[in-house]
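K.L.:
Quick one: this structure, given as structure tokens, is what I'll be asking you about.
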Amino acid sequence: MEEPTYILACVSAALVSAVWLLKTWRHNRQLNPIPAVGASGIWGYYTGGLRYMLHAPEMVQEGCTLYPGKAFRVPRLFRWDFIVSGKTLIDEVASAPESILSALEGNKDSLKVDITIGPEILNHAYHIDVLRTTLTRNLAKCFPDIRDEISCAFDDVLALDGAEWKSVPALSTIMSVVARSTNRLFVGLPICRNDDYLKLMVRYTIDVVIMAQVINLMPAPLQPILGPFISPRSRGIRKGTTHLGPLIEHRIAQEKAFGRDWPGKPNDFISWLLDSAQGSERTVPDIVVRILTTNMAAIHTTSSVFTHVLFDLTSHPEYMPALREEAERVVQELGWTKTALGRMYRLDSFLRESQRMHDNGPVTMTRKVMDPAGFTFSDGTVVPAGSFINATSRVEHFSPANYEDPDDFDGFRFSKLREEREQNEGQAVFNKHMVTTSVEHLSFGHRTHVCPGRFLAAMQLKAMLAHIVINYDVRSATDGVRPPDDVFGIVAVPNRKAKIGFRKRL
Ligand code: HEM
Ligand SMILES: *[C@@H]1O[C@H](CO)[C@@H](O)[C@H](O)[C@H]1NC(C)=O
């Protein structure tokens with residue numbers, strides 16, 4: 001290198017560093033009023049950021065203990081993220097509109113949605129409206145199919161012989177049942193039983209999560225260039241098209257020929273999506289992407305919850321007789337219907353209690369601050385524009401102010417309340433069903449972005465639990481000890497290796 005060029009390069013490098021240091025310092029000063037967990041100061045990001053990768057749950061707990069009911073910040077590798085605790089602030093996050101605190105942008109960042117899934121779902125998330133309205137309205141009508149699929153799927157995956165006990169890995173077994181029964185509603189028979197299709201739907205979520213982390217390690221300008229090479233998107237669309245392409249094309253053609261309500265039109269999620277899709281959304285790849293995304297939101301969440309439920313049931317076998325009595329009595333009276341599930345108060349309570357104690361980590365409701373002025377909480381705290389906020393669900397779920405003996409699993413906690421209310425006329429209506437959300441119960445989120453799939457999930461979970469208690473005996477393979485969660489950074493999932501024993505009741 002010639003000398004002047006060399007000097008120029010050094011000077012610009014020094015300038016860039018100086019500007020960067022100044023910016024970081026100003027940024028830090030601006031944030032100073034909000035307390036930090038872990039090291040703060042210019043180098044705080046780096047030491048603290050590494051610590052957060054290894055000890056996120058402990059650091060969140062530390063923040064909640066030191067700053068109860070307040071906002072605090074935690075160091076990430078290249079920035080500060082914000083965590084809020086306490087009913088008031090959590091409710092303010094839950095209530096904020098998408099244009100102020102964006103959930104789509106919040107997830108876009110952690111999952112690199114635009115690269116790993118596709119820009120279409122960010123541009124127009126109409127599939128969420130379809131879930132909230134058409135899908136939820138059709139649940140009772142579609143229940144017999146879902147019930148049939150749950151029952152067949154358990155027969156197939158357990159493949160029990162006579163009255164022998166058989167041990168199976170809990171999570172993967174449940175995942176097959178959930179994937180099949182969910183896709184019976186999404187795409188119908190026979191595709192919902194195709195192994196290759198189901199594998200794609202289960203695997204896609206895992207690939208998105210892993211590849212998003214790899215992409216997030218790249219410098220921002222390189223992400224859109226290198227990201228697509230490792231993104232699961234194009235393979236997902238290609239394989240999804242192999243399975244769903246002919247079916248989607250057939251439906252579009254039928255509609256063109258015979259009108260929107262063509263004879264024989266199936267009542268499933270693909271039809272409901274096509275009813276709402278506009279213009280370029282009415283194409284095979286766009287519909288395939290929505291099916292992939294919705295499966296992503298549905299399968300692992302529902303399977304995790306049910307695996308936890310099985311761990312709770314086998315480590316508290318004393319609940320079995322009462323659950324069984326209720327399920328058998330109600331099914332005898334009302335048959336296998338959605339109305340019957342609505343009468344299973346103990347099952348509902350057991351599921352809600354299990355969710356309360358076993359969320360998938362201490363935080364939820366990821367948001368990005370969109371307002372250029374930042375987001376101002378009612379206590380005066382201002383979180384700057386472009387920052388990420390999470391709310392702590394764990395503290396509320398385990399607060400003695402919200403729950404008596406919060407550390408104890410009390411499977412009938414909520415059904416006992418319901419019975420008390422029914423005996424005392426004139427009391428307020430019962431509002432602790434498993435689908436009811438509040439700042440004390442955040443398993444499905446709350447308010448603006450509350451999970452639109454929760455009515456489907458609740459119906460499936462109850463149908464699976466009723467099916468199991470009526471048809472099987474279950475036992476833990478670990479002698480009553482609840483298998484510990486697998487923890488990845490801030491996320492906790494049910495133990496993926498633990499086994500459960502099943503035996504057919506004769
Ligand atoms: C037990 C199973 C489930 C759990 C625990 C769960 C939990 C959640 C949570 C915590 C949120 C985030 C709320 C927020 O950020 O404020 C959410 C959102 C969402 N869930 Fe679920 N979910 C479950 C099942 C499902 C199912 C079966 C579907 C689809 C059929 C689904 C579709 C969605 C969608 C599309 C969103 C985004 C909503 C929005 O941003 O407005 N979920 N869910
Ligand atoms: C907030 O939640 C998202 C989604 O689980 C996660 O990716 C992110 O790391 C969380 N932020 C913090 C500070 O824990």
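K.L.:
Checking the condition within 16 Å of ligand 2 (Cβ to nearest atom) and in contact (Cβ under 8 Å) with a residue 12 or more places away in the chain, which residue from Phe78, Phe154 passes?
P.N.:
Only one candidate passes the filter, namely Phe78.
K.L.:
Filter the stretch 413-468 down to residues that are under 21 Å from Arg346 (Cβ atoms) and β-branched (Val, Ile, Thr), then give me how many there are.
P.N.:
Adding up the residues that qualify gives 5.
K.L.:
How many of the residues making up the stretch 255-270 are buried (at least 16 other Cβ atoms within 10 Å of the Cβ) and either out of contact with any helix residue (DSSP H, G or I) (no Cβ under 8 Å at 6 or more places or on another chain) or closer than 26 Å to Val113 by Cα (or both)?
P.N.:
Result for the stretch 255-270: 3.
K.L.:
Given the criteria at pLDDT 95 or above, buried (at least 17 other Cβ atoms within 10 Å of the Cβ) and within 16 Å of ligand 1 (Cβ to nearest atom), does Ile100 qualify?
P.N.:
Answer is no for this residue.
K.L.:
Sticking with this structure for a sec: Could you go through the stretch 114-126 and let me know if any residue there is under 26 Å from His449 (Cα atoms), outside any helix (DSSP H, G or I), modelled with pLDDT of 95 or more and within 16 Å of ligand 2 (Cβ to nearest atom).
P.N.:
Yes - at least one qualifying residue is present in the stretch 114-126.
K.L.:
Could you tell me whether the stretch 283-290 includes any residue that is farther than 25 Å from Arg238 by Cα, touching a residue at least 24 places away in the same chain (Cβ under 8 Å) and either of a type in the set (Val, Ile, Thr) or within 16 Å of ligand 1 (Cβ to nearest atom) (or both)?
P.N.:
no
K.L.:
Among the helices (runs of 4 or more DSSP H) lying completely within the stretch 300-371, list those that include at least 1 residues that are within 30 Å of Val60 (Cα to Cα) and within 16 Å of ligand 1 (Cβ to nearest atom).
P.N.:
Hits in the stretch 300-371: 345-357.
K.L.:
Let me spell it out: the conditions are (1) at negative phi; (2) within 16 Å of ligand 2 (Cβ to nearest atom); (3) modelled with pLDDT of 95 or more, and Gly445 meets all of them except one. Which number is the exception?
P.N.:
With respect to (1) at negative phi; (2) within 16 Å of ligand 2 (Cβ to nearest atom); (3) modelled with pLDDT of 95 or more, Gly445 is out only on (1).
K.L.:
Only residues that are surrounded by 14 or more Cβ atoms within 10 Å (Cβ to Cβ) and touching a residue at least 60 places away in the same chain (Cβ under 8 Å): list them for the stretch 208-235, please.
P.N.:
Val208, Val209, Met211, Ala212, Ile215, Asn216, Gln223, Gly227, Ser231, Pro232, Arg233
K.L.:
Against the condition away from ligand 2 (no atom under 11 Å from the Cβ) and basic (Lys, Arg), how does Arg367 come out, does it pass?
P.N.:
The answer is no for Arg367.
The values are calculated or read from the model by the stated rules, or taken from the named source; none is laboratory data. The shown structure was predicted, so the numbers you read here are calculated from the model rather than taken from an experiment. Every residue, glycine as well, gets a Cβ built from its backbone with ideal geometry; the counts of neighbours run over all protein chains shown.
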